[in-house]
Amino acid sequence: MDFYTLEPCATSNAFEIRFKRAVRIDLGKAEKALAKKGEVLARTSVVLVFKADDYSASVYASGRIMLKDVTRDEAEKLAGALTHALEKGGAFL
Amino acid sequence: MPYSEKFFRNIGAISRAGQASIRDSKFCVVGLGGTGGFALECLVRLGAENLIIFDHDRVELGNFNRQLLATDRTLDMRKEDAAASRARSINKNAKIKKSGRFGAGSAGRLADCDIVIDATDSLATKLEIAEACRQAKIPYVFCSAQGSRGIVTVFRGYRLGRAFQVDGKKLESKSCASVLCPAASLAGTLAAAQAANIALGKPVVKAPEALFFDIFDRRLFWKAGLG
């Protein structure tokens, strides 16, 4: 799933993964898909906050993913890995 | 509830004719983040009923430290929807025109406005909006907040690129900085005040001079030239 763009955010060291086509994310499936990659700190009906050793991410039901505390190079690698995990877990609607 | 019942406490500080002028003026707020959310709130509570808003973003967790529109209820909502809902909860007769992302083709929509508040966070976008306003001869209220500091001024013919000495330079499309709520809210509030002053025919801060503030500075406010 390489149909996303990576945009720097208005907060420091953060990047947003934006999908080129409209997708929604099933946060229940996303939680299961990401559980092996780190700790899910919180989940509501609209957002899942996820923390790994060296970065954190907010996954929104509307289909946006924010990566925090990362450089662009790291964000590019993580975007691919997270997207793959979510896709494999059937989290994209 | 009648308009006069909700906004009569404005009368005194402003005249009835002034209140009517604010009510009838068409205000545009571009950007509904830290500064824009507070600017819109002030305009609506000042009695503005004709509003055009631009923002393509959604409310996210990173907005909660400073943005009026960011709450648990609005998380992941489109900011335009959150803003329109809030404005209508204050004045259900407020006409809010949602315009999405400000980009190519948006400049024409500014021609419908009497006053534009630019609360975007990118100088590149600000240059586009300012130039569109300059060409359409629409007063352009510049506001910006970063960290503990902020700037507010009004452009009426003076070029933004000249003021910031960025003509012909390549600009980053996004800023990366922390912003504190008191700085964002102050910048937005002052921008709304300048916009109201324009509607009321009262004096404003004019570029290339600007009002600067720093909530951590003992002076708090001062005027100086831009650039």
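With Cα atoms defining each centre, the range B:1-53 and the range A:1-70 are spaced 37 Å apart in the structure. Amide hydrogen proximity for A:TYR4: with H placed 1.01 Å from N in the peptide plane, the residues at 5 or more positions away or on another chain lying under 5 Å are A:LYS20. Quick check on my link table: of A:LYS68/A:LYS88; B:LYS97/B:LYS202; B:LYS97/B:LYS137; B:LYS6/B:LYS98; A:LYS32/B:LYS126, which ones sit more than 32 Å apart, alpha carbon to alpha carbon? Check vs 32 Å cut-off fails for A:LYS32/B:LYS126.
By the beta-carbon count within 10 Å of each Cβ, the least crowded to most crowded order of B:VAL59, B:VAL179, fewest first, is B:VAL179, B:VAL59. Within 10 Å of the Cβ of each residue in B:73-82, the mean number of Cβ atoms contributed by other protein chains is 2. When the helices of chain B are scored as -39500 (n - 2.57) per DSSP H run of n ≥ 4 and the total is divided over every residue, the value at 222 nm lands at -10500 deg cm²/dmol.
Per residue, the Cα convex hull of chain A amounts to 85 Å³. Here the residues B:ASP24, A:ASP26, ranked from fewest to most Cβ neighbours within 10 Å of their Cβ, fall in the order B:ASP24, A:ASP26. As an equivalent ellipsoid, the range B:1-124 spans semi-axes of 25, 18, 12 angstrom, where each value is the square root of five times an eigenvalue of the C-alpha gyration tensor, largest first. Here the convex hull built on the C-alpha positions of chain B has a volume of 122 cubic angstrom per residue.
For chain B, modelled as a GNM whose springs connect Cα atoms under 10 angstrom apart, the maximal fluctuation among B:ALA163, B:ALA111, B:ALA177 occurs at B:ALA177.
Whole percent per 5 Å bin, from 0 to the bin with the longest distance: what is P(r) over all C-alpha pairs of the range B:51-184? Bin by bin from 0 Å, the calculated values are 2, 9, 17, 21, 22, 17, 9, 3, 1.
Relative contact order of chain B, taken over Cα pairs closer than 8 Å and 6 or more residues apart, is 22 percent. Each of B:THR153, B:THR74 was scored by other Cβ atoms within 10 Å of its Cβ. Arranged with the fewest first, they read B:THR74, B:THR153.
Every number in this text was worked out from the coordinates using simple rules, so none of it is lab data. For clarity, every value in this text was computed on a predicted model and none was experimentally measured. In this analysis, Cβ positions are derived from the backbone assuming ideal geometry, glycine residues included, and neighbour counts consider all displayed protein chains.
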